[in-house]
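So the structure is just underneath, and the comments pick up after that.
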Amino acid sequence: MKKIKYPLIILTVLLSTTLLANKPINKKVKAHRLETPIVIDGILDEPLYDQTPIDDFTQKEPDEGEPASERTHVWVGYDNEFIYFSAKLFDSEPELIDRALMRRDNWSNTDRFIIGIDTFFDKRTGFGFAVNAGGSMGDATISNDTWFDDSWDGIWDSEVSIDEEGWNVEIKIPFSQLRFNELDDMKWGINFERDIKRKNEESYYVMVPKDENGYASKMATLVGLEGIKMKQRIELLPYVVQKVQFLKHDDNDPFYSINQFKTSIGADFKIGIGSNLNLDATIFPDFGQVEVDPAVVNLSAFETFYQEKRPFFIEGASIFDFGQGGANNNWGFNFGTPELFYTRRIGRSPQVWPNSAYDYIDRPGETRILGAAKLSGKIDETWSIGAVSSFTERTYATLQLDGTQFDVRRTLREEIEPFTHYGVFRTQKQFNDSKQGLGVIFTSVNRDVSNSNIKSKLVNQAYTFGTDGWIFLDEDETYVITGSAVGSYTSGSKDAIEIKQRQSYRYAQRPDATTALLDTNLTFLSGWYSRVMLNKQKGNFYINAALGAVSPGFEYNDLGFQWNANKINGHLVLGYKWYDPDKIFRKKYLYLAHSQSFDFEGDNISNFLMNFIRMEFLNYYNIGWRFGYSFEAISVSRTRGGPKTLSPAGFFVGTNISSDRRKPVIVEFSINYNQNEIGGTGYGFEFEFEWKPLPQLNLSIEPGYNYNNSFIQWVARKEDYKAVNTFGTRYVFAEMKQQSISADIRLDWIFTPQISLQLFIQPLISVGKYSHFKELAVPRTLDYNYYGENGSTITYDSENSEYTVDPDGSGKSNFTFYNPDFNFKSFRANMVFRYEVLPGSILYFVWTNDRVNYENQGNFNVTNDFINLWETDTDNVFLLKFTYWIDM
């Protein structure tokens, strides 16, 4: 077994670094109890504004440490139900204030006032609230000291006004929207930020230098919150959805009209348990997403990852983060931390197809979620907790064969997804003023697999149990070690476990495997994962190093997203950051990295060097550079479960340039090139154009082109006992030339902070042409036998679109395979009209257009491809959704 060693380098770096002590944050902010509530109108005319304001702001950008260029006055008030934040943001040129209207949680460059509060005073977590001069709002939760998650949408109110002195903002946040420990005399962490777009200025009440680290841990102390008694929090959010579909279909399909018009109703509940815990529950939830997934072309052996977009799951998702606490940076390098809770597994498309033959099928596109509940919050200021429980219904496909329909009332329905429970429990405890942390996570999937077809395809139980934590090595919190360990256990029928063993991240069926061999009698899988990482949190010099391993039997894909098993990985990253401007650049970053991976058979499966450089000019233009070199390594996955092959050495290089993002017109250009030692090449470029002609209108267009010439692209496998060198199977590859052109087009039209229209359009054309077919000659090499040479023959039948190969010229080993050429054309459009009628009560109107075409396989002709795509039949889906927030 080969080992990866970096300790000598790491030790040298640690010994050569001088650690400085933190300066304590002594600033305090007084919250004033109000006799009468503040009227939220943006006019600062209440008695609160007679109090002495907070006005000590310091620049972080562009001139770190200098006083803010414009004065800012801030006040904090509260009553029994609300906490109020108000600010007078003076501006010597009020006509130049950026009043852009933006959709909620758009954190683009603008004139903005931001509040950060640490309600548990734990120096790790909190909430963020932002309002810009146009009245647009944003909010987020804070975790791990510096991480912001804007998926949370709280119910709060704000108003702005602009006058000859600058602009004003008033903000009202219900205590019921926050979580905190209810005490007679509470202390919270607090910080304020003011951004001025035209000056590219960021100023803070507590400014953390660029070479330092921290946000929640560096906050000032909010005092004066006395006698706050949290009322019982009960919120109800009923919804109604009307969906109309006009889809491509066979005119004789009896199921089309049944599914064309759908009405859904349901409700979400939020119940406060004390002042620091929330229980979210849902009945017949609407877990459909308003925005569409992008179209992709995936030629790899691995699953495509899609981001979660359903509100129930994305809100508060950071509490379930695992293995990354403590460190402000986590490098993966083909390893990373396992995503044990991939929420899109819940309500996924059914995984099993019917066994019976059919002419027409009514197969649901998703599994209905019967109900779900989520508990999240803190037991005290150092102890967080989160849990999710969800049930999905047993799902059936209805079939029609020879004009006879089998439905639920009469005879046959085919089960395609079993009744399933998904569960997650997560908790984490911090110690010694957050200098140490320890957490655990538990996930479970339990299925009722009574149906024989289901039982042969899906496991009945899948569990993971993990622990993670961190420890800072010094009082200054410059160096931190993070670690995690997970165990997994999965059980099911022999057939279901065999499917797990054959997954692309494991390939236990490899004929040359020497460890963790395929065992068709197994009824369970078990395995483990572990990783430890060192990270330098601050300073000019940077280091990050990690060592991890995941066993062959580690399995968590039933509720997680898995792409790794059977691997030992290590990496070292060294870097330097220049924060002080010079005569050309405002700041510069340089990183050098090395990573290696081995499997449990001792083979080097990955070995590469990487270099990243980023520089910002004095005029706020940016340029970046990246370079990498991969050494020869063994490939486990190229033959899709066959013997190992050799991956050629190669390199990649790329650069990107972007303009000043303060301007109405922003451009960015990037270009990449790669090449390997056997002649494979690839290149691509992307261009981003963003234009803001009016404060309420934003248009962005991101076209791109990519070319890839792969010399060993997977095609097929064919069993042949005469292929003795490759274990009785011929592994067919080809040279593939792939060209792709695409564009992401977005239009945001913000009528008011409460009313917006968003349009997303994505055309995509991807064409692959295969030639020079061949087969692997010798495992663990780059040796291939080309068809049509040395006595072998290959012919093409255009009528049936298939190739016939005689690999040895004997006429006795002939086999065929379909022409793998492809021409995938897609056009997706998604329009969302959003109207927040009242705080928390939202009306959506959504239109989705989707068309796909496959004509002219292997021929790339942009004009013809667009014509074919435009003339193809299209799917149109219209959706009207209304949710109404009731505070009980």
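Tabulated data
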item	result
Meets criteria (in contact (Cβ under 8 Å) with a residue 12 or more places away in the chain and of a type in the set (F, W, Y)) for Y256	no
Residues of the range 95-125 that turn out to be assigned to a loop (DSSP other than H, G, I, E, B) and within 18 Å of G377 (Cα to Cα), as a count	7
Residue match in the range 509-520 (condition: charged (D, E, K, R) and touching an Asp or Glu at 6+ places or on another chain (Cβ under 8 Å))	no
The range 200-213, residues that are surrounded by 18 or more Cβ atoms within 10 Å (Cβ to Cβ), of a type outside the set (D, E) and at pLDDT 90 or above	S203, Y204, Y205, V206, M207, V208
When residues of the range 687-721 are limited to those that are assigned to a strand (DSSP E or B) and charged (D, E, K, R), the one modelled with the lowest pLDDT	K692
Residues located in the range 527-536, provided they are under 23 Å from the mean Cα position of the chain (by Cα) and crowded, with 21+ Cβ neighbours inside 10 Å	Y529, R531, M533, N535
Residue selected from the range 222-246 under the condition farther than 30 Å from L879 by Cα and open to solvent by less than 20 Å² (accessible area, probe 1.4 Å), by the criterion modelled with the highest pLDDT	L222
Per-region count, the range 755-781, residues surrounded by fewer than 22 Cβ atoms within 10 Å (Cβ to Cβ), in contact with a helix residue (DSSP H, G or I) (Cβ under 8 Å, 6 or more places away or on another chain) and assigned to a strand (DSSP E or B)	1
Qualifying residue in the range 812-821 (condition: aromatic (F, W, Y), closer than 25 Å to P511 by Cβ, touching an Asp or Glu at 6+ places or on another chain (Cβ under 8 Å) and not in a strand (DSSP E or B))	no
Residue identified as surrounded by fewer than 17 Cβ atoms within 10 Å (Cβ to Cβ) and within 26 Å of G728 (Cβ to Cβ) among N861, N814, N856	N814
Test for N800: is it open to solvent by 40 Å² or more (accessible area, probe 1.4 Å), under 19 Å from T816 (Cβ atoms) and at pLDDT below 95	yes
Failed criterion for S92 (all others in (1) among the hydroxyl-bearing types (S, T, Y); (2) open to solvent by 10 Å² or more (accessible area, probe 1.4 Å); (3) in contact with a strand residue (DSSP E or B) (Cβ under 8 Å, 6 or more places away or on another chain) hold)	(3)
Pairs with Cβ under 9 Å, 6+ apart, first in the range 446-462 and under 14 Å from E415 (Cβ atoms) and open to solvent by 50 Å² or more (accessible area, probe 1.4 Å), second assigned to a helix (DSSP H, G or I) and among the β-branched types (V, I, T)	D448/I454; K457/I499
Sole residue being assigned to a loop (DSSP other than H, G, I, E, B), open to solvent by 60 Å² or more (accessible area, probe 1.4 Å) and of a type outside the set (G, A, S), chosen from K737, K663	K663
Yes/no for R426 being of a type in the set (D, E, K, R), under 25 Å from T523 (Cβ atoms) and crowded, with 21+ Cβ neighbours inside 10 Å	no
Qualifying residue in the range 847-858 (condition: assigned to a strand (DSSP E or B), under 25 Å from D280 (Cα atoms) and not aliphatic (A, V, I, L, M))	no
Residue match in the range 509-526 (condition: touching a residue at least 24 places away in the same chain (Cβ under 8 Å), surrounded by fewer than 16 Cβ atoms within 10 Å (Cβ to Cβ) and part of a strand (DSSP E or B))	yes
Per-region count, the range 365-402, residues at pLDDT below 90, assigned to a loop (DSSP other than H, G, I, E, B), crowded, with 17+ Cβ neighbours inside 10 Å and not β-branched (V, I, T)	1
Any hit, the range 639-653, residues being in a strand (DSSP E or B) and surrounded by fewer than 16 Cβ atoms within 10 Å (Cβ to Cβ)	yes
Close pairs from the range 597-608: first crowded, with 20+ Cβ neighbours inside 10 Å, partner assigned to a strand (DSSP E or B) and among the β-branched types (V, I, T), Cβ under 7 Å, at least 6 apart	S597/I568; S597/I605; F598/I568; F598/I605; D599/I605; I605/I634
Filtered residues of the range 745-754 (kept if buried (at least 18 other Cβ atoms within 10 Å of the Cβ) and charged (D, E, K, R))	D748
So G128, is it free of Cβ contacts under 8 Å to residues at least 24 places away in the same chain, in a strand (DSSP E or B) and under 33 Å from the mean Cα position of the chain (by Cα)	yes
Among (1) in contact with a Ser or Thr (Cβ under 9 Å, 6 or more places away or on another chain); (2) closer than 21 Å to S434 by Cβ; (3) of a type outside the set (D, E, K, R) - the single one L473 does not satisfy	(1)
Count - residues of the range 666-680 that are open to solvent by 70 Å² or more (accessible area, probe 1.4 Å), closer than 28 Å to Y784 by Cα and either under 26 Å from the mean Cα position of the chain (by Cα) or small (G, A, S) (or both)	1
Any chance E632 is open to solvent by 70 Å² or more (accessible area, probe 1.4 Å) and not β-branched (V, I, T)	yes
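The values are calculated or read from the model by the stated rules, or taken from the named source; none is laboratory data. Every value quoted in this text rests on a predicted model; they were computed, and no experiment measured them. With ideal geometry, Cβ positions are generated from the backbone for all residues, glycine too; neighbour counts draw on all protein chains shown. In case anyone asks, the SASA skips ligands and DNA or RNA and just uses the protein heavy atoms, side chains included. Shrake-Rupley method; radii C 1.70, N 1.55, O 1.52, S 1.80 Å.
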